[in-house]
Amino acid sequence: MVSKCISFGINGIDGYKVEVEASSQRGLPRADIVGLPDAAVKESLDRVWSAAKNCGLSLFQSHIVLNLAPADIKKEGPIYDLPITVCLMMLSGYIKSDVSDSGFIGELSLSGELRPVNGVLPMVIKAQELGCKRMFVPAQNAREASVVEGIEIYPVKDIISLMACLNGTIPIEPVLPEKFKRSAADKFLPDFSQVKGQAEAKRAIEIAAAGSHNILLIGPPGSGKSMLAKRVPSILPDMTFEEMIETTKIHSIAGTLHGEGLVTSRPFRSPHHGVTAVGLGGGGTGTIKPGEVSLAHHGVLFLDELPEFSRNVLEVLRQPIEDNSITISRAGHSCTYPCSIMVIAAMNPCPCGYFGDPTHKCTCSPQKIRNYLNKISGPLLDRFDIHVEVPPVRFDDLRSTADAERSESIKKRVDAARAIQQERFRGSGTTCNAKINAAQFKEFCNIDKDAEKTLRHAFEALGMTARAYDRVLKVARTIADLGQSELIRSEHVLEAVQYRSLDRKYWSNREG
């Protein structure tokens, strides 16, 4: 006799169907599991046996063979506890109903209760795509799963209530679909009106937010670099529903939702400079998990004290910044996670932080300063579209009672610039100016003759690379959008070039 039910697995940020089969054969009571299970899946048998015994069920009365199909894909994690239990209940006669239109995922405790699992959202999305009518998930995951329309979500607390529901004796009420609501916390985001002075840095950050450009802030300790960076989410455009779903899938797989539904605010990730390459890029010895670059997808990755990160960790950023995705390969398996991010980095100009400061004396030797700055490789530095100096805040600015511009006002200009970009790139797959590809340059980055002369002079005088040239044009395109100008003019190019001059000031003598 064979019983079957449907479950799911995770590959990257997408789910895939897993068919769980159980067959009863003559022999001593024992169970074998096949279909490329990892250690956590093999341990499911012990959890299921204990849970069933403590719930008064006898599921292992003969030799049981369990198969997880397709057999050529490795199955990972404890999510198959529930479907294995359902198959054994059907085999033993405890469940008599048809479950062919239902999906099951969940981890069991030894008492028979269900524990939450990671990756529920992408699995429920796949179930809905395959035509499943019902999905049975741990109660703590129900809110996350309910954002998917077209499929009923049943929150399961334990295997006894599940058995009663499937047999039609005591129903479980399906949860209502999670309605789209912006988080109330959005109202309390740090505001730019709280930042005194720093008009030039605020302007640069506005341009960066309008085009999703990467920005590097350089200045002495206490100048407000971190304060400025933490206020960037308050001026970024609202997330679209598609962006919310994609971001939530990543956080679901990483297990950072903690029972919440949709991620409605753009992520702001700020890893400590002691983070490892795996922590930043993703990976792991067992299940491949998304790293900080993917958890910041559709949001901001803030790297404070940039030179304090190890060199090999920083080099992990180079491919994701260019490709908006990161591929992690392990023996016989690889995963690709999206990471369309805006990178904000902050750093001091030297180890003591006061090189070039008019009010503090720098105590660093030239060699120490060179060694400190050389921790940032040329190719990585080139990937920052905007470099801006954040000087010490003046006393008069700190004591000023004048109202600084609020984030709400800045956001309106950013939204207007993004609306122009959305219309410009409609149907092309490009979302903002920072993502313009080589084929789109000629069409969308038109410059007048004066702007061309300005750009030529800057290219030759500053010794720009081809990548720097592209990024200057992209920033100029965003500045023009903020000014509601279809044509990139000389003043737009001049401002964009200004944001590429600090590498000459600090890194011009890189090799000493």
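Contact map, region 356-367: residues that are under 17 Å from residue 505 (Cα atoms) and at pLDDT below 85 paired with residues that are of a type in the set (Gly, Ala, Ser) and open to solvent by less than 90 Å² (accessible area, probe 1.4 Å), Cβ distance under 9 Å, separation 6+ or inter-chain. Pairs shown: 357/219. Residue 451 meets each of the listed conditions (1) assigned to a helix (DSSP H, G or I); (2) out of contact with any Ser or Thr (no Cβ under 8 Å at 6 or more places or on another chain) apart from (2). For region 418-428, filtered to residues that are of a type in the set (D, E, K, R) and surrounded by 15 or more Cβ atoms within 10 Å (Cβ to Cβ), the residue that is modelled with the highest pLDDT is 418. For region 252-279, taking the residues that are closer than 25 Å to residue 38 by Cβ and open to solvent by less than 20 Å² (accessible area, probe 1.4 Å), the one that is modelled with the lowest pLDDT is identified as 257.
Okay, residues lined up against (1) in contact with an Asp or Glu (Cβ under 9 Å, 6 or more places away or on another chain); (2) within 21 Å of residue 419 (Cβ to Cβ):
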residue: 459; (1), (2): no, no
residue: 468; (1), (2): yes, no
residue: 475; (1), (2): yes, yes
residue: 482; (1), (2): yes, yes
residue: 493; (1), (2): yes, no
residue: 499; (1), (2): yes, no
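Residue by residue, here is whether (1) in contact (Cβ under 8 Å) with a residue 60 or more places away in the chain; (2) within 21 Å of residue 43 (Cα to Cα) holds:
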site: 111; (1), (2): yes, yes
site: 114; (1), (2): no, yes
site: 122; (1), (2): yes, no
site: 135; (1), (2): no, no
site: 150; (1), (2): no, no
site: 153; (1), (2): no, no
site: 158; (1), (2): yes, yes
site: 169; (1), (2): no, no
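Residues in region 333-354 that are in contact (Cβ under 8 Å) with a residue 60 or more places away in the chain and open to solvent by 50 Å² or more (accessible area, probe 1.4 Å): 333, 336, 354. Evaluation of residue 409 against the conditions (1) surrounded by 14 or more Cβ atoms within 10 Å (Cβ to Cβ); (2) within 33 Å of the chain's Cα centre (by Cα); (3) under 19 Å from residue 227 (Cβ atoms) shows that the sole unmet condition is (1).
Screening 357, 415 for residues that are open to solvent by less than 70 Å² (accessible area, probe 1.4 Å), of a type in the set (D, E, K, R) and outside any helix (DSSP H, G or I) leaves exactly one candidate, 357.
Of the helices (runs of 4 or more DSSP H) entirely within region 229-348, those holding at least 2 residues that are closer than 27 Å to residue 149 by Cα, in contact with a Leu (Cβ under 9 Å, 6 or more places away or on another chain) and among the hydroxyl-bearing types (Ser, Thr, Tyr) occupy 241-254. Scanning region 233-251 for residues that are surrounded by 19 or more Cβ atoms within 10 Å (Cβ to Cβ) and among the hydroxyl-bearing types (Ser, Thr, Tyr) returns 234, 247, 248.
For region 131-149, filtered to residues that are of a type in the set (A, V, I, L, M) and assigned to a strand (DSSP E or B), the residue that is surrounded by the fewest Cβ atoms within 10 Å (Cβ to Cβ) is 135. With respect to residue 317, is the statement that it is within 30 Å of residue 465 (Cβ to Cβ) and either in contact (Cβ under 8 Å) with a residue 24 or more places away in the chain or surrounded by 14 or more Cβ atoms within 10 Å (Cβ to Cβ) (or both) true? Against the criterion (within 30 Å of residue 465 (Cβ to Cβ) and either in contact (Cβ under 8 Å) with a residue 24 or more places away in the chain or surrounded by 14 or more Cβ atoms within 10 Å (Cβ to Cβ) (or both)), residue 317 qualifies. Can we say residue 468 is assigned to a helix (DSSP H, G or I), hydrophobic (A, V, I, L, M, F, W, C), within 27 Å of residue 202 (Cα to Cα) and modelled with pLDDT under 85? It is true that residue 468 is assigned to a helix (DSSP H, G or I), hydrophobic (A, V, I, L, M, F, W, C), within 27 Å of residue 202 (Cα to Cα) and modelled with pLDDT under 85.
Could you list all residues from region 40-68 that are among the hydrophobic types (A, V, I, L, M, F, W, C), assigned to a helix (DSSP H, G or I) and within 37 Å of the chain's Cα centre (by Cα)?
Once the filter is applied, which keeps residues that are among the hydrophobic types (A, V, I, L, M, F, W, C), assigned to a helix (DSSP H, G or I) and within 37 Å of the chain's Cα centre (by Cα), region 40-68 yields 40, 41, 45, 48, 51.
For region 63-119, the set of residues classified as open to solvent by 50 Å² or more (accessible area, probe 1.4 Å) and touching a Pro at 6+ places or on another chain (Cβ under 7 Å) consists of 115, 116, listed by residue number. Of the residues making up region 112-130, those that are assigned to a helix (DSSP H, G or I) and of a type in the set (D, E, K, R) are 126, 129. Of all residues in region 313-352, those that are under 27 Å from residue 388 (Cβ atoms) and among the polar types (S, T, N, Q) total 4.
Looking across region 20-39, the residues that are under 32 Å from the mean Cα position of the chain (by Cα), free of Cβ contacts under 8 Å to residues at least 60 places away in the same chain and open to solvent by less than 60 Å² (accessible area, probe 1.4 Å) come down to 35, 37. The selection criterion, being touching a residue at least 12 places away in the same chain (Cβ under 8 Å), under 20 Å from residue 145 (Cβ atoms) and assigned to a loop (DSSP other than H, G, I, E, B), does not hold for residue 83.
The values are calculated or read from the model by the stated rules, or taken from the named source; none is laboratory data. This one's a predicted model, so the numbers in the text were calculated from it and none came from an experiment. Virtual Cβ from ideal backbone geometry, glycine too; neighbours counted across all protein chains shown. Remember, those area values only see protein heavy atoms, side chains included, never the ligands or the DNA or RNA. Shrake-Rupley method; radii C 1.70, N 1.55, O 1.52, S 1.80 Å.
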